[in-house]
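Here's the structure, in structure tokens; my notes come after.
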Amino acid sequence: MTVSVTAGAAVAVPLVDLRAQTAAVRADLDRAVGEVLDSAGFVLGPAVAAFEADFAAYTGRAFCVGVDSGTSALHLALLAAGVGPGDEVVTTPHTWISTSWAISYCGARPVFADVDPATGTLDPAAAERAVSARTRALLAVDLYGHPADLDRLQAVADRHGLALVEDAAQAHGARLGGRPAGSFGRLACFSFYPGKNLGAAGEAGAVVTEDPALAARVRRLRDHAHERRHHHVELGYNARRDGVQGAVLGVKLRHLDAGNDARRAAAARYGELLADLPGVVAPAVAPGADPCWHLYVVRVEDRDGVAARMADRGVATGVHYPVPVHLQPAYAALGHAPGDFPQAERFARTCLSLPMFPGITTGQQRTVAEALRAALDVRR
Ligand SMILES: Cc1ncc(COP(=O)(O)O)c(C=O)c1O
């Protein structure tokens, strides 16, 4: 996945603006990265350990284990949850593909269930229908920064003796029923890919959990499954976090809530600007959910045409995600066909991500709304 940044003069409103976000904390970043360089704590080390403590507290968890990406976080979390060859993991087809990769890396089979038609997150009733004797875990995604229906999914997991794992890769600082994203399930996973609400200056991820044994297992798996030096007790991985990313994330964590508040204000403003626009389905917020608006995703017919016409007016948009996972060529062997998960496929066909970042101005949002209105008018 690539991240769009402010491009040339032709772009009036970028999808995200990473350079501005970095500039706002540049002096603190320079100092923190300088400390890593001076101490040569390049891999794991004190900066990563400090971030782990801070982020565990932020998510309300006892333990946080820093890893090299969100994909590794999911992979190692599922291994720690006991997922292995022959197992099935029930998950959503409307997500970034890493959710599903992680299941496959464990030698298990992703079993998809359709999504809620309003929020696009895993539908608990559909997930329960997908449970079989082989199911080991449920893997739910807090899509676009909106928490999945995690209380009901936990109830499904409890009824069937399954582990619930929360893919909170897009949900830093989101809340459900007052609880932070990442505090649900047996383990939860985060990505700190640069475009995320909490983004590194490179690749990084984390697993959080309450369970000391699971935390110890993930900690071991990320570093070649060392129990002590030169004793490798199982198949291990190199999924260690760089010290520099620990330092960068330590600085940026202090600004996460302010950035999320700015996103919430921008989402509310979009709600007003788009309220009278026929043909636009605004993002739904479930009762009790307080999304962190990683993405602001509307739904429109003729999505690709609308996006192209908005681009002509200098407004960048994104599509997250145009091809549902069950229809990806990589998963052809699962034998799915169009129509298997109609709600997920509807999202894939109609979803359009509008520019969303903490520094977006009211003027830029008006430009986006005007471009969207004009793009829709052409269609009529
Ligand atoms: C829902 C979801 N899961 C997993 C990941 C994987 O994270 P990473 O790109 O850090 O490997 C991402 C990030 O792109 C994501 O959005």
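Observations, loosely collected:
- Stretchable slack from residue 31 to residue 231, in nm (0.36 nm times residue separation minus alpha-carbon distance): 68.3 nm
- Counting every other Cβ atom within 10 Å of each residue's Cβ, 101, 96 order from fewest to most as 101, 96.
- Annotation: extensible slack from residue 11 through residue 160 equals 48.6 nm (criterion: 0.36 nm per residue apart, minus Cα-Cα distance).
- Neighbour counting of Cβ atoms within 10 Å sorts the residues 116, 340, fewest neighbours leading, into 340, 116.
- Share antiparallel - DSSP beta bridges, the chain, percent rounded to 5: 60
- A simple spin-label model places pseudo-atoms 7 Å from Cα toward Cβ; at residue 42 and residue 362 they are separated by 5.0 nm.
- For the range 178-192, 3J(HN,Hα) computed residue by residue from phi via the Karplus equation (6.51, -1.76, 1.60; θ = phi - 60°) reads x, 8, x, 4, x, 9, 9, x, 6, 9, 10, 10, 10, 10, 10 Hz, glycine and proline entered as x.
- Put the Cα centre of the range 305-339 next to the Cα centre of the range 22-89 and the gap is 30 Å.
- For the chain, the normalised intensity computed at q = 0.07, 0.09, 0.14 Å⁻¹ comes to -0.30, -0.51, -1.20 (log10 of I(q)/I(0), Debye sum over alpha carbons, equal scatterers, no solvent).
- Comparing mean-square fluctuations of 232, 75, 320 from a GNM of the chain with C-alpha springs under 10 Å, the top value falls on 232.
- For residue 137, neighbours were defined as the other residues whose beta-carbon sits under 12 Å from its Cβ, and their charges (Lys and Arg +1, Asp and Glu -1) total 0.
- Within the shell of other residues whose beta carbon sits under 15 angstrom from the beta carbon of residue 22, the net charge comes to +3, with Lys and Arg scored +1 and Asp and Glu -1.
- For residue 294, net neighbour charge (Lys/Arg +1, Asp/Glu -1) across residues whose Cβ lies under 15 Å away: -2
Quick note: the coordinates plus some simple rules give every number you see, no bench work behind them. Worth saying up front: this structure is predicted, and the values here are computed from it rather than measured. With ideal geometry, Cβ positions are generated from the backbone for all residues, glycine too; neighbour counts draw on all protein chains shown.
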